Structures are given as C-alpha cells and as structure tokens.
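Working notes, beginning with the structure itself.
The values are calculated or read from the model by the stated rules, or taken from the named source; none is laboratory data. Quick caveat, the model's predicted, so the values are computed rather than measured. In this analysis, Cβ positions are derived from the backbone assuming ideal geometry, glycine residues included, and neighbour counts consider all displayed protein chains.
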Amino acid sequence: MKNIIQIDHLSKSFGDVKAVQDLSFHVNEGELFAFLGVNGAGKSTTINILCGQLTKDSGDIMIDGYSLDKDLDSIKSKLGVVFQNSVLDSALTVYDNLESRAALYGIVGKAFQDRLSVLSKMLEFGDILKRQVGKLSGGQRRRIDVARALFHKPKILVLDEPTTGLDPQTRKTLWRVIYDLRKNENMTVFLTTHYMEEASEADYVVILDNGKISAEGTPLELKNAYTGDYITIYGAAENEIRTLGTEYEAIKDAYRLFVPNTGAATQLILKYPDVFRDYEITKGKMDDVFLAVTGKKLLGGIEK
Amino acid sequence: MSTVFALIKRNIKLFFKDKGMFFTSLITPAILLVLYVTFLGKVYRESFTSGLPKSLSLSDNMINGLVGGQLISSILAVSCVTVAFCANFLVVQDKVNGTVKDLRISPVRSSSLSISYYIASLISTLMICFVAIGICLAYLSFVGWYMSATDVILLFLDVLLLALFGTALSSIINIYLSTQGQISAVGTIISAGYGFICGAYMPISSFGDGLQKALSFLPGTYGTSLVRNHAMQGALEEMNRQGVPMKVIEGIKDSLDCNLYFFGHHVEISSMYMILGITVVILIGIYILINFMRKRNP
C-alpha cells in the first residue's frame, strides 16, 4: 500500500514551547488514520503544517509524492479540510458559500452545478441551499463544512474533530458518507477526534502527547499492548467469583474481571469451567489505551 | 480569473450583508449631515455673506447652491475614505473568523486573494459613493444648481481617485490588523478623525498655520480640494457673473480650501490630480510589495 502522507522528523516551536518534536509517521492511501491527543498535544500544529498554514522549523513532509517545501499548491489541491470550528461565511447562503469556495479550485459554471447536485444528495442539504449559514443548526452547518471540503474531490480528507457536539443522526450521516468515499474512491481520511469509539474504527492510530508520539499501531495492536481483556460473567454468585482469585467488580446482573490478555482469560476458563457458564470476553477500549499511554483521559477534549 | 471574480463577488456580498460594517461606513457622512442641519449650514452661510460687499445682494438660490456645494463636497470627500476603510475591514474580519484559513488551504494564489479584496472594497466604495453623488446632485438641483456637465464628470473622477486612495491606504493598514478590537479602534479613529484632517468638518484654512502646513503634506487634503472645486466652481463662477469681484471670490475659495497652498505656493488643480494619482500608484505599489515580502517571509 502506498504512503500518501510521509512525515519525517517534523519539529515546530512557538518561542519556548515545543509544539511538535521530531515527529515521524506515515499514512497509507485509503486508510482511516486517527491522530489522538489532548488539547495542546500538537495535533492542530501538525495539521496546520500539513495544510501549509504554518511553516515548520525542521523535517520533511511528502504528500501524494509531492514535497511540502516545493509543491505546496499541488498538495493543496489534494487536501480537503474540515476545521474544528466552521469557517464558512455565516452572512452568506449555503449556495453562495459553496460557489465561492468551489471557485478557489477553478470549479465554476456547469462543473459547479454538477458537483453541487452530487454533494447535496450525498450529504442531504438540498433543501437548505438558500438558507443563511449563520442560521443553520450545528449539524446542518457541519454537513456544509464537509461538502466544502469534498467539493474538489480531494484524495485526503482531514477531519479535525468533525463530530464534536453533533447530534447522533448527523454523526451517523457523516460517517456513512466517509465510509462510502473510502470504499468507492479510496479516499484517505486523517482524523483527529475526542470520541474513542470513532478512533477504534481507524486502520491506524497515532497518540500524541506533548508534541511527541507516545504510541502508535492498529487499534488491536494498541489494545493488546496497553490494555488487558475484560471477562463478564453472568449468573454466578460472588463467592464463586472470589475463588477465581482475580480482580473483579460487580456490575448490573454480572461481575467483570480484568485479565492481562486473552491467553490468561482462556487459562482461567479452563481452570474453572463451572464458574464460566455464561460469559463474554471483550478487549480493552481505546479510552483505556489512551489512559494507559498518556496517563490522561480524553473526554470531549478536556484533560482529566 | 474566474476565481478572482468569484472572490470579488463574495467580498462585495459580505460587505453589503454585514449590516454592522455597512452602517459603520455611513457614520461620518451621517455626522456631517447632523452637524450641517444643527449649525454648520448656518456657519457656512454667514461666512459667505459676511465676506460680500454690502452693495451686493445675492439670491437665496445662489447662496444655497454654494452652501450645498460645500456640504456635498465634504460628504463625498469623507465618504470615499471612510467607506473604503469599512469595506476593507472584511480582510481583518476574515482573519478574526478564521475564514482566511479556509481560503488559504486552497491552491488560490495569495496575490489573487489580495487583488480580490482590493477590487471588492473599491467596487463597494464606489457603489456607495456613486449613489451618494446621485443623492447629492439631486439635492443641489433642488436648492440651487450651478454645476456644468464637465464639473459633474470631474466630480465622478475625483470620487474615483479618492476611493482608489482610501482603498489602497486601508489595504496597507489592514495587513497589520488581526483582531476585532483593532478593527473597532481603527474604524473609530478614521470615522472621527478623517473628517477633521481632510477639512470636511471645518475648512483647513480655519486651522492654525502649523497645522495647515502639516496637513498640506497629506494627499487626502488635495482630494477634498478637488471635490470642493468641482462641486462649487459653477456657483462661484455665477457669483462672478453677478458682479462679485474676483478678489472676493478668491477670498472665498481660500477660505473654503478650493485654493490650497504648499508652503505659500498655490497648488494648481492639475497638480492636485498628479499628487493624488501618484499617491494612489505608490500606495498600491507598497501594498503589492508588502504582500510579496510577507509571502517570502511569512
């Protein structure tokens, strides 16, 4: 699989603050790549450098075979960006906004109308084209942000906390669209999010802390490396659970045991088959990975 | 080119849809109107009639035409610059809102962005100022019309030059602004101050000698004088035809800033055009240079 983004030894400081320190990673084409970290970890700095909004102090960045230092304009046409906060013109209508933004990529006239028709069906905003962006709900505005980012058919879609504060229906719509684009157009998605359930869907995850990579891998690799498994046992009495000699907690109608890995779970089940009459084994969650790696919880972007 | 057109269209739409920005741009002309209605009109009228020989009596129409000419020239001279500043604040608003990030992540050239802001501000300013000329001329035709067709054409040219000047000046200043507070501060200073320094509220000739000399270095002063000359020339010529001696008329022209002096030397109309024209070219050159330098060293 081709590396569509290659970052080598990227560093950026703001005065004494080292925002990004010797960062190196790559993103494969067509991948859903999750970039995690609490606020101030260096995610936005990295994204801003990728998009040519910030200059780097050192390091090399290649995007789709183009060097950021030499071919920024070529790179810009490959990127679609959904910013954390909507940056559309709130005084203008949805149509006017998309018309002006499409023109930035030379998409005007019939080409604009055709693309608008496709996107308005895909993201279900055909009925609000004439409405002022400032008067849209958060979910409607987000759909327009995504449409703006997709207008020029980018190869890489950068999503900077795209679903924060959105209603479940809009989140579902956005993820459906992103899934379809990845499947049908092999689009690469570079995601930053505070929702760990979204990160757990990623093909590859990089966790950033204080401008450095703390951990990286597939969600499974990270879970195996940084968390254990949970065994939930139903229909057993507490004295039976106690005989297992493992840390546990009582939950509604069941007990939950924490074991270091699936192998340890299997051994326990084989040793005490009478206790394991009704049970399930689950992997640790990405929240647990994040907590284990950084010592911080990620709840809506607030460090805990 | 279609990108630049689309951006110009966007910028103009945003200016006219943003009621705050639009009405702020009209504050200075509104202040002038209020001042005129409350006392300036009376002051202008008395200053004309007091300078005339007692043996001469001019019609009310004549005096109203002259006073009206002074009023509209003040309004137009000020509006060209204040409206240009307010229209151009969109550049700063885009920085404040983060919209500029959205524009700059696209492959559009930064020169296209700069040109589109400049042209959009110029068009917005001209749209308002040309409508203002229409209203002002209608007012003059009601109170006393003495302008020739040439005066009207030159008045449009003066407004165009002043709008070019205001847009170029504001474009340079706005490069260094990046917060809402700075917009408010500069907007207030321009709205309140420009009327004084260009001689719109009170003629520069009524200021002290030192201040007059200092203001003679400002190109906007000559823009105001051009507008004033073309708005009042017809009425002054009519006064001359009705027997007002040339010496008295020259005195009135001195007192109204129709005649300007640079360290005692009378500045001709052609020189005023040259000063304003060259200033516009220099300011646009500086604007391009700053943008170029910032692109090289962001």
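Being of a type in the set (A, V, I, L, M), under 30 Å from A:Ser11 (Cβ atoms) and surrounded by 17 or more Cβ atoms within 10 Å (Cβ to Cβ) is the requirement here; does A:Ile207 meet it?
yes
When only residues in the stretch B:79-102 that are without any contact (Cβ under 8 Å) to a residue 60 or more places away in the chain and more than 17 Å from the chain's Cα centre (by Cα) count, which is nearest to A:Gly52 (Cα to Cα)?
From the stretch B:79-102, those without any contact (Cβ under 8 Å) to a residue 60 or more places away in the chain are B:79, B:94, B:97-102; that's our starting set.
Next cut, more than 17 Å from the chain's Cα centre (by Cα) only: B:94, B:97-102.
Values: B:Asp94: 18, B:Asn97: 18, B:Gly98: 15, B:Thr99: 15, B:Val100: 13, B:Lys101: 10, B:Asp102: 11 Å.
Out of the qualifying residues, it is B:Lys101.
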Members of the stretch A:52-94 that are in a loop (DSSP other than H, G, I, E, B), buried (at least 19 other Cβ atoms within 10 Å of the Cβ) and more than 10 Å from chain B (Cβ to nearest Cβ): A:Lys56, A:Asp64, A:Leu68
Residue match in the stretch A:76-92 (condition: in contact with a His (Cβ under 6 Å, 6 or more places away or on another chain), closer than 17 Å to B:Arg109 by Cα, modelled with pLDDT of 90 or more and of a type in the set (Ser, Thr, Tyr)): no
Test for B:Ile135: is it over 14 Å from the mean Cα position of the chain (by Cα) and over 21 Å from B:Thr24 (Cα atoms): no
Residue match in the stretch A:269-290 (condition: outside any loop (DSSP other than H, G, I, E, B), in contact (Cβ under 8 Å) with a residue 24 or more places away in the chain, out of contact with any Leu (no Cβ under 7 Å at 6 or more places or on another chain) and among the small types (Gly, Ala, Ser)): no
Hits in the stretch B:151-199 - residues which are not small (Gly, Ala, Ser) and not in a helix (DSSP H, G or I): B:Tyr176, B:Leu177, B:Thr179, B:Cys198
Lone unmet requirement of (1) among the hydrophobic types (A, V, I, L, M, F, W, C); (2) within 30 Å of A:Gly106 (Cβ to Cβ); (3) in a helix (DSSP H, G or I) for B:Val108: (3)
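Just to be sure before I move on: is B:Ile105 touching a Cys at 6+ places or on another chain (Cβ under 7 Å) and within 14 Å of chain A (Cβ to nearest Cβ) in the structure I sent?
yes
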Single unsatisfied condition, A:Lys110 versus (1) in contact with a Ser or Thr (Cβ under 7 Å, 6 or more places away or on another chain); (2) within 14 Å of another protein chain (Cβ to nearest Cβ): (1)
The stretch B:250-275: number of residues that are within 30 Å of B:Arg45 (Cα to Cα) and either assigned to a helix (DSSP H, G or I) or touching a strand residue (DSSP E or B) at 6+ places or on another chain (Cβ under 8 Å) (or both): 16
